[in-house]
Structure formats: C-alpha cells, structure tokens
1. Name the single residue that is farthest from the chain's Cα centre (by Cα) among those in segment 296-307 being touching a residue at least 24 places away in the same chain (Cβ under 8 Å) and surrounded by fewer than 20 Cβ atoms within 10 Å (Cβ to Cβ).
2. Any residue at all in segment 112-122 that is outside any helix (DSSP H, G or I), at pLDDT below 85 and farther than 15 Å from residue 28 by Cα?
3. For residue 420, indicate whether it is free of Cβ contacts under 8 Å to residues at least 24 places away in the same chain, within 21 Å of residue 484 (Cβ to Cβ) and assigned by TED's automatic domain parsing to the domain that holds residue 477.
4. Here is a list of conditions, (1) more than 43 Å from the chain's Cα centre (by Cα); (2) part of a helix (DSSP H, G or I); (3) free of Cβ contacts under 8 Å to residues at least 60 places away in the same chain, and residue 452 meets all of them except one; can you say which number that is?
5. Taking segment 414-429 as the region of interest, how many residues are at positive phi and either at pLDDT below 85 or buried (at least 23 other Cβ atoms within 10 Å of the Cβ) (or both)?
6. Quick test of your reading of the structure: residue 448 fulfils all but one of (1) more than 23 Å from residue 191 (Cα to Cα); (2) surrounded by fewer than 19 Cβ atoms within 10 Å (Cβ to Cβ). Name the failing condition by number.
C-alpha cells in the first residue's frame, strides 16, 4: 500500500504538484518516478545539470530533487542557478548525494538547498521530506502573496495620502485665493476694477496664458457677451470673440458651471461651427462666472506658455476664482443699477413732445453705432445714454451739478467718469493725459447732442451732421467722423457718401 497523496495547502490545486528529479542514474530516476507517481505527484526527469536547469526554468516544478554529482553542471551549480532566478527563487530544492562529508552538506546549504539527503535513502523518507517542504513552500508562497498584497495596500494608502495631502494643499490654495481675491474684489463695486483684479488673479494663481473676460454688452438688452477686458500677451487675438445670447455654446458652458476645455466642446458635432472660432483665436477653455443671480460672464483663456492644458487642480482653483468673481460682479451690477436709477432721475424731464423724444432716440442710436464702430469700451458705451440725457442744452448745467454731488459718494467711479465725459463734451478741450476712451466718448456725446439740436432745426440728417462736425472742429478725429457717417447710412437717414472722410476735412 502506498502512502496517501499530499493533502497539505496545495491539495486544493487543480493539478498535482510537480517534482523535477535530476540524476544521471537511470535506475534512480525510474525508482523515484514510480514512488512519487504512486503518491500523487507529477514527475519530470533530467539526466544532467544543463537539462535540469532547462526543465526547471521551462516547466516551473513545485520542487526539485538534485543529485550533487551530475554531468555538465553539478547539482550545487544547478542549485545556485535556480536560486538566482528572478521569477521564482523560492522553489524548494533537495540535494541528494552518496558523499556523507560535512563539508559537502555545508556547501549544499550555502548554495541554497532546503534539505540534504544521503544515499542510499528510503523513498518514504524522501516523500516525507517532500511533503514537509511543499507545505512550508505553500505557506511561504501564501506569506509572500500576503506581503505583496500588503505592499499594494500600503502603496494605495500612500497614494491616497498623497491625494489627500494634495486636496489639503488645493483647499489651502483656494482658501488663500478666496480670502485674498475675495477681499480685493469686494473692496470696489467698479466692474472695470473687478475685471482687472480678477484677470490678474487667474493668471497668477491658475497658471493660465492670455485671458479675456466676456460680460453682457451694455447697449444690447438681448444678453450677448463681448470682451470687456483682456490680460497677457496674445490676448489681443480674442478681441473679436463674442458669445450670442441663447446660443448652444453659451447655454452649455453656463449649464456645466465649470471650466470647459475646447477639446471637450469639439467632441460635440452640433457645436462645430461655434467652436471653430475658439480654435482660430487660440482659446483653450471657457469658464462660466455663475452667481446665485445667474450667469455674470465667461472667462476665455488661451494655452499655457508650453501649450499644455491646465491640470485638474488648476481647473478646480479656476472654478473657485470664477465663483468669487461672479458674486462680486453681481454685487457691482446691483450697484450699477442703483446708480443708473439715480442718473435717470437727474436726467428726468417733463413736457417733451413725441417729436423731441424721437430725436433723442435718434441721437442716442447714432452715438451707440459710432461708439461700437470706434470700439469704445463697455464702460464708456454704458454711460452714453446718461451723458446724452443729462447733457441736453436746456438742463446741462443743472444736470452736471447734480451729477457732481452723486460722484462724491459713488465708489464705483462711474459717476465721476460720466462727469468727465460731459465736461469734455461741453468744452472739447482735452489734455494729452486724458484717457483716450473718455476723450472719444466726449466727442461722440458732443457730436450727437449738436446733431440732435441741428436736426430739430434743419431737418435734413446730412446737414445736421455737417453742422455737428463743424462745431466739433479740430477736436473731431477722422475715425469718429467716419463712424457717425456710417451710422447715418446704416440707419437709412442718408445715402452712402462717396468719400466717408469728406465732411470731417
């Protein structure tokens, strides 16, 4: 009766354990193959050291039985080769030898043998030692597997710790940005000051390239967004960018409520026509500025200095900065609405006939057309209607006096800007240090007011415009003159002029 097959930790394997026996004595190979097979093992044999190495590395046995004295490569050398194998250096090895000297036994253990058996030996003793080593090997393999699992778990925990540390750092950056930028933005209700501070912050803190802020156009109630301010080299390429109210692109960006990369938008076929201009201008992302009161604007940013996209942490920080700016802009918009109501009260008049109201609207329309043609910034364009209403000759002095009182308490500076525009329109005397946009706004207001008065007397639009140009004199530059002439044509008040600059010469 043979011994029962191996029932240790490896008994659950689908195939029986494999034993490689390497011996140059064919009788020993046959004897061990019969004994091991009878005990449930699969036996692999080799007759020299080289063949033993090849079969061990090729078939990966669960245990190796080696004779010390082998042709071509000794058992000690084979043992050393197997122990240096990077893929499986832990295979159990039993060395057998007819040599009983202690030095040979010590050499065997030094070369990495797990056991040593002297010839002649009983097959039962060899099988018992094989079982013990296989059990120990299975336990060692399980321990190594558990160690690998623990290593993976430790690596995962380290990654999570690094991510958590990164989250903390990002939270601290966002907190610092929120505290610093938030306090800066809420110090002034002036939208121009807010946009300058915001654009400087997103470039410094979020690592963006050129940036531009699109805000609602002041003279378009439909809600289209146009460039209000830019920052960084290359931002001038964004000047023509405009997002139409109700467009699919603007609706999507506003609905997502987070920075959106251009490549994300390019995946949507329905947006191809609207996304194309973004790529032509070098815009890499759009970020909505959403406040509780709705969309306040959109930030457009170009590619970074190296052409790389912003990292996830930078996009997260940018989202927080946009939320801060949106709340500040919403607050500034409410302040502007209150100021506009006050300015309307200053300009309020009674007893205007229907014809006078129509002339006022016509003059305002011409001024708006001219301002847009001259690319007058949104701040000055938004003040044109107030300037025309307050600057009418019958109440100009009274209106300017009231405006001066309002400017003293207006922290946004819009009332003071309006006062300077009105003073320039009344005097047409400008200092070289005057802001060019305010100077042009004053010219537009002066021409529009004179046009309105001349139109009331003369009736003919061309004649009225010529009178207004004559009163402006040398202060009127050709570009502003051409803008008014085009505005007259676009309104259908007069045929196109053969020489657009003729009336300004």
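1. Per the criteria, the residue is 305.
2. No.
3. It is false that residue 420 is free of Cβ contacts under 8 Å to residues at least 24 places away in the same chain, within 21 Å of residue 484 (Cβ to Cβ) and assigned by TED's automatic domain parsing to the domain that holds residue 477.
4. Every listed condition holds for residue 452 apart from (3).
5. Looking only at that region, the number is 0.
6. The one condition residue 448 does not meet is (2).
Residues are listed down the side, and each one gets a yes or a no for (1) more than 17 Å from residue 207 (Cβ to Cβ); (2) surrounded by fewer than 13 Cβ atoms within 10 Å (Cβ to Cβ):
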| site | (1), (2) |
| --- | --- |
| 247 | yes, no |
| 252 | yes, no |
| 259 | no, no |
| 265 | yes, no |
| 278 | yes, no |
| 288 | yes, no |
| 291 | yes, no |
| 312 | no, yes |
| 328 | yes, no |
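Every residue, every condition in (1) part of a loop (DSSP other than H, G, I, E, B); (2) closer than 19 Å to residue 208 by Cβ; (3) at pLDDT below 85, yes or no:
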residue	(1), (2), (3)
270	no, no, no
274	no, no, no
287	no, yes, no
299	no, yes, no
309	yes, yes, yes
316	no, yes, yes
331	no, no, yes
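The values are calculated or read from the model by the stated rules, or taken from the named source; none is laboratory data. Quick caveat: nothing in here was measured; it's all calculated off a predicted structure. Cβ sites come from the backbone with ideal geometry, for glycine too, and all protein chains shown count toward neighbours.
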